[in-house]
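The block underneath contains the structure these notes are about, expressed in structure tokens.
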Amino acid sequence: MEQQLEKALNEFASQPETVGVLLANRQGLCLGAKGQINPNVSGIGMAISEQVCKLEPNLNPPTICLYSGNKRCIIKKDGELTGVIYKQKPN
Amino acid sequence: MTDEVKKYFNGLLHKVNGLYIIQVTDRDGVPLLRVSQDKNVDFALMPSFIPTFATASEQAGKLGLGRNKVIISMYSNYQVVQMNKLPLILTFVGGEHCNTGHILALEHQLDAHLEDIKLAVNEA
Amino acid sequence: MEYLRPVWNCLRTFCGCIHCSEDIGNQYNYEPSERTYLLADPAIHNSPALRQTNSENLSNEFAQSLPRKDENALCRLVQSTAMNMIDVGAMDLHNLENEEYNDRIKLYSQRLQQQWNSIQHPEKGSSGFLRDIPNANDQLCVMNSTDDLLQMSNFLREGHAALLNLRVDHNEAIVVPFRIP
């Protein structure tokens, strides 16, 4: 019943430089995660996107990029879903 | 020191959007620590509220899925997240649209603080 | 399910009558499988207890023919089944008296005060924005990659489409697993 969701997660988790992907629902609960990413991140990812949306309440939710060394984390909210992607530049 | 701990829990309460109460009790519902925003959420203070969860958690452990850790209850106006940290029980009460995932993510942060509080209950 | 409770109560009393002293704590060490024999000694399989008898003679014959080991095995089985049976109605909520409630509150707050006053927690280092990041200026100059933004938009679009196709496939079971590895 969740094959299409699995397929989408697998497809994006195997893209270049991508280490892990996660989808959260509107309650911050993890719908699915693939790769080296902690499913508990769903709640915090959504909380971050909610806070950032307050910067410009009239605009569409922005994409958030967090950088640390050669790793980066991209978070974006779109309606019911919040996506979190962990990426890493190869050394 | 108690103030610092309360301040920490208050900080958590304000970090999560829509969270009204964080409460640490023993399994009979006797409160050890409670922080709340000014909302009328008296049902969490009812004496039978916590023991009911303790029973439900014990019975839920017989479903063949291992020990029950968390029960999330969604009501029309509130949501209640209760964590089995026996001898302690952790209760979070939030609004309907509160970020449940964020509350669950707090569990790991709180474990370290709960170790101290557990000692107070265990000295029997 | 109502008829089961008197049956279990009956069996529990029966175990009490034959002096079963099995400790409930041992339940958790006893892991029966489909290969576990209830009656340990194969010779017992030919005992009169297992032959078809009239119900009024059954309990007499049973009590006489079972050796002690098998009584214990039977007790263990009954107790572990009773422990695993879900019976919310029978649980009686032990509500604390007001006095005991208030006493405990005082006791806990005293103990917590003692504990927290005797613990020396290390001072938190002074916080500062971006203090822990070396070369913060360099990090701040990194431009966002448009590939990343595109990947995220595609990811969310596929995610939405997948959610629309999420449905429960009925297959006769009462509980349908979802994302259980």
Margin query: Can you tell me which residue is farthest from B:THR100 (Cα to Cα) among those in the range A:33-86 that are basic (Lys, Arg) and touching a helix residue (DSSP H, G or I) at 6+ places or on another chain (Cβ under 7 Å)?
Written below: A:LYS34
Checklist line | B:PHE9 being under 11 Å from the mean Cα position of the chain (by Cα), more than 8 Å from every other protein chain (Cβ to nearest Cβ), among the aromatic types (Phe, Trp, Tyr) and farther than 28 Å from A:GLU80 by Cβ | finding: no
Notebook entry, point to check: Mind checking which residues of the range B:79-114 are within 9 Å of the chain's Cα centre (by Cα) and either among the small types (Gly, Ala, Ser) or closer than 16 Å to A:ALA47 by Cα (or both)?
Noted result: none
Note to self: Please count how many residues of the range A:42-79 are more than 17 Å from B:ASN17 (Cα to Cα) and among the acidic types (Asp, Glu).
What the structure shows: 2
Next item on the list: Could you list, in sequence order, all residues of the range C:90-117 that are more than 9 Å from chain B (Cβ to nearest Cβ) and modelled with pLDDT under 70?
Entry: C:ALA90, C:ASP92
Check: If you go through the range B:10-35, how many residues are among the aromatic types (Phe, Trp, Tyr) and either surrounded by fewer than 18 Cβ atoms within 10 Å (Cβ to Cβ) or in contact with an Asp or Glu (Cβ under 7 Å, 6 or more places away or on another chain) (or both)?
Finding: 0
Next item on the list: From (1) at pLDDT below 90; (2) in a loop (DSSP other than H, G, I, E, B), pick out the condition that doesn't hold for B:LEU32.
Entry: (2)
Item checked: Residue ID - nearest to the other protein chains (Cβ to nearest Cβ), chosen from residues in the range B:62-81 that are closer than 27 Å to C:ALA82 by Cβ and in a strand (DSSP E or B) -> B:VAL70
Margin query: Just to be sure I understand the filter: pairs with C-beta atoms under 7 Å, separated by 6 or more residues or on different chains, first member in the range C:156-168 and on the phi < 0 side of the Ramachandran plot, second member of a type in the set (Gly, Ala, Ser) and buried (at least 18 other Cβ atoms within 10 Å of the Cβ). Which pairs pass?
Written below: C:LEU156/A:GLY83; C:GLU158/A:ALA8; C:GLY159/A:ALA8; C:GLY159/A:GLY83; C:ALA162/A:ALA8
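The values are calculated or read from the model by the stated rules, or taken from the named source; none is laboratory data. Computed from a prediction, not measured in an experiment: that's the story for all the values here. Using ideal geometry, Cβ is built from the backbone for each residue, glycine included, and neighbour counts are taken over all protein chains shown.
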